[in-house]
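Read the figures in this text as sums done on the coordinates, not as results from a lab. What you see is a predicted model; the values in this text were computed from it and never measured. Cβ: placed from backbone, ideal geometry, glycine included. Neighbour counts: every protein chain shown.
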């Protein structure tokens, strides 16, 4: 039986190739995700190990609030210079240096634009001299207050050279410096981790990066001979007390790397999610492939049963074939995943400013995942056909037709039950009734919904396929293609379901994002009563900002009625981390943003007062007169009194503080500005004047309200494009499924095609018949996907009404495009099977058994 199975497998190696490709692509995603995150993780480990290689112990003041890069810009608390002397007096300290290092030094390149990093920090630091790690490559160290040095990567990105006058943006407005030196790192590296670094003299760095003189970000400590970093750490910590964090260089490297690895873990989960979609689609393809093969081998398997093979041996035969396909596909998928992981790591390194990659590694998780997923999916998909094969009676060997249509009652009932389970899970998840398992419940609901629809597809395939095929029934080949596409509803349904999954996900995501974009745009258009908006694009944790003096000068422009600058930061409000905002003109809350008071007065704020949204007030049991302690990024905690409560909306912040509070924000500069013009004033007359005021703030620009709204919602378009690209893999696998189904179907109908050719069907007509069959199946799958996707998207939008997504927008144009593309996909998928069908030898086909 084993020899027979292996010979049968080798005889059908081309048939199984396409189904194996589906597993290869899915496994590629799985293994590639693990290879990518492992390579980048080890690269970050090496980067931070180098960065802290010369640090035995580092001392920092405890931050006022803990902020992750996902929430905003982390900010260390400056420590007084007097701490440096205390540390130097600790036994075991050989030397200690005060370090100024903070994110937010943005150099303006030769083209007048800020040099961005797209992720890595833009550090402003004080120059402490050359070392084993840092080396001056051109020029010299900064000596005067208007001199800087920068790393080689930043010099190349900004296209500047030694001797140039360059602008730098910091906590202060743009300042001009002379570039006197360019440095690099040992090993020929131009940067560490892609960071852009600007070094000032110590007094200038303190003022521009920390906002005050005689303070440091941290102190770097060198241990004396015979003193271990751990022992020195403990001694320094005892001396300074609980207000300071003391860590070894190894601890700092591990902590910095762990933060980035957390982000990589999230990215890894996204890639694995798309891999799961690809494998789900591949399951349909493999299931269909083995179903057709079992149907084709009915007489062969019946003969085996007749000569003594048991049902278990027949099951083993089919499962063995599946294991062989899964094993080969897993090996190929793992190899492809290693290549893709290496390529993505290289691209990530280039986008991150030249991250030096560690050697490519293949973690055990990639290998285990590849084989576990590849082989398990293949065997599961082949299990139903295997069970079906075991039930073939020996008498079938003597029948010409051994694959009669079976009733669809059981599969329809099963589909209804599974779809119902999916609907219940979606209701619980989208309705917020699943507690901490909301995401898992929603994903489970989507999975059950897809499987349920796939099981229900056979019952609706005949009428729908018949209707779709009517468009092509104007000729004999068209009529034959229409009949062929509907002759086996199970096969047609599984093939169409594979395409349905990919298109449904793309359609559903498009519905959600388009609805969000439309709702936000409409809300902003109806609410924001400002004709001009100053804002910039954010490329990292630090939002673009501009000089507050711009607001005062803009207010003096003729025709400008009201100007407000908006500041924002994370803060600890009443013991909880919350986003807080400041409006330079509190009246703007009502006049520009249409805020409505529900209690108290929201038109003014004293230095010790605050405003809160109605949702915040309800959640924290606050009322007018309540006092709340607030800790900002800088300065000491202060207590504010709630003087007003405004109605919550998508455009109002949870907490609004008085203008004076902005000085203690991590970015004490406005990140947006709103200008309301007097009636009759032309936007075109005012906008150029504001642009001139922003000449020293190249990160930001001024736009009219419509352009601003488009800019803000445009990020959703980028997200949609990324999702569409990743989900395109599922659609590619579905196309392979159509090709595979048609190819196997042509082989199955060899005798039938020979008879059609014998009674006059020409080659071109044969090809048209196969093409019509492919197009009908493809359009059917796309139509299912569009309907299911739109339904799931609409359900999510309905569940998000309370979150501000109030308008359901169906992407009619894109849905029609999907149907047109489906027709094209059908034509492309039919090419090879149609050519094969047209080349069938008529006499040989008639004699085919």
Compute the relative contact order of the chain as a whole-number percentage, counting only Cα pairs closer than 8 Å that sit 6 or more residues apart in sequence. 16
How high is the relative contact order of the range 57-259? Use alpha-carbon pairs under 8 Å, at least six apart in sequence, and give a whole percent. 32
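Taking the mean number of other Cβ atoms within 10 Å as a proxy for protection, how do you rank 143-154, 717-728, 446-457 from highest to lowest?
Details: 143-154: 19.8, 717-728: 14.2, 446-457: 22.5.
Per-residue mean Cβ counts within 10 Å order the peptides as 446-457, 143-154, 717-728.
Rounded to the nearest 0.05, what FRET efficiency do residue 831 and residue 721 have when you use their Cβ-Cβ distance and R0 = 45 Å?
Efficiency, rounded to the nearest 0.05: 0.95.
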If you line up the long axis of helix 409-430 against the longest principal axis of the chain, both from Cα atoms, how many degrees apart are they, to the nearest 10? 10
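Going by C-beta contacts inside 10 Å, put 797, 221 in order with the fewest on the left.
Neighbour counts put them in this order, fewest first: 797, 221.
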Listed peptides 660-668, 191-199 by packing density, highest first (mean Cβ within 10 Å): 191-199, 660-668
Spacing of the two label points (7 Å from each Cα toward its C-beta) at residue 552 and residue 335, in nm: 7.0
If 579, 474 are placed from fewest to most neighbouring beta carbons inside 10 Å, the sequence is 474, 579
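Expected output is a single nm value to one decimal: the length gained when fully extending between residue 86 and residue 763, i.e. 0.36 nm times separation in residues minus the C-alpha distance. What is it?
Numbers: separation 677, 0.36 × 677 = 243.72 nm, distance 9.30 nm.
Contour length minus Cα-Cα distance gives 234.4 nm.
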Acute angle (nearest 10 degrees) that the helix 364-390 long axis makes with the longest principal axis of the chain, alpha-carbon atoms: 30
Calculate how steeply helix 812-838 sits against the longest principal axis of the alpha-carbon atoms of the chain, using the helix alpha-carbon long axis, and give the answer as 0 to 90 degrees to the nearest 10. 40
Round to the nearest 0.05 the FRET efficiency obtained for residue 819 and residue 376 when R0 = 56 Å and r is the Cβ-Cβ distance. 0.95
Taking Cα pairs closer than 8 Å and at least 6 residues apart, the relative contact order of the range 547-693 in percent is 34
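For an R0 of 25 angstrom, estimate the FRET efficiency from the Cβ-Cβ distance between residue 230 and residue 156 and round to the nearest 0.05. List each step's numbers first, then the result.
Working: r = 40 Å, r/R0 = 1.59.
Plugging the Cβ-Cβ distance into 1/(1 + (r/R0)^6) gives 0.05.
Mind ranking 620-628, 734-742, 418-426 by how tightly packed they are, going by the mean number of other C-beta atoms within 10 angstrom, highest first? Mind dumping the intermediate values first?
Values: 620-628: 14.6, 734-742: 26.1, 418-426: 17.9.
In descending order of packing, they fall as 734-742, 418-426, 620-628.
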